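Right, one structure below, let's go through it.
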Amino acid sequence: MAQKKWTIDPAHSEVQFKVKHLVISTVTGNFKTFEGTAATEEDTFQGGSITVTIDAQSINTNNEQRDGHLKSAEFFDVENTPKIIIKTTSIRQTDDDEYIIQADLTMKGVTKPVEFKAEYGGIVTDGYGQTKVGLEVKGKLNRKDFGLNWNAVIEGGGLTVSEEVKLIANLQFIQEK
C-alpha cells in the first residue's frame, strides 16, 4: 500500500499547554503559529510518523508581560532558539481509536524523549473534497529537563511555576493529493 502524506490544517488545529501557578491554579497558553506533516500507511496512524514545528515566538497566555518573560532567555529564549520541534519515533495503536506516541521533543536546544497519548478522531471528506483526519494528543513534561529553569519561591516554600507542564494538541490533517 502506498504511503499517505498529510499536512496540519492550522485553521482547525491548536497547540496548548497548562502549568500550575502558585500551586493553586492553572494557567493555560497556546502557540498561535505551528506547522506539521504526517505520513501513514493507512487512514490510522499506526506505524506512521508525525513532525510538528512550533514557533516559540507565537506563545500566548493572554498576558503580554508574562508572554514577554516566557520569550526571554529565562524560558524559551526565542531569539536564539525560535523553534520547538516534535518528531515521532514510534506510533503504536493500543485500541480502536487510542495510540501511544513516542517522540523526540527539541526545545531551547535540548532534545529529550517524551510520551504522548492520542485519540484518533476519525476520517472524513469535507465539502471541498479534502480528506481529513483528526488526532487529539496529550502529554506531560518537566520543563527543567529542557532548560526552562526560572522559578521563584513563594511564602510557605512553594514555587511560583510548577515544573510539570501538560501539553494538549488537537490536530486536523489534510491528505495531500
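General observations
- Residue match in region 81-99 (condition: more than 13 Å from the chain's Cα centre (by Cα) and on the phi > 0 side of the Ramachandran plot): no
- Candidate set: region 129-166, residues that are at pLDDT 75 or above and in a loop (DSSP other than H, G, I, E, B); chosen: the one surrounded by the fewest Cβ atoms within 10 Å (Cβ to Cβ): 129
The values are calculated or read from the model by the stated rules, or taken from the named source; none is laboratory data. Given the structure is predicted, the values throughout are model-derived calculations rather than measurements. Glycine gets a Cβ as well: all are built from the backbone with ideal geometry, and neighbour counts include every protein chain shown.
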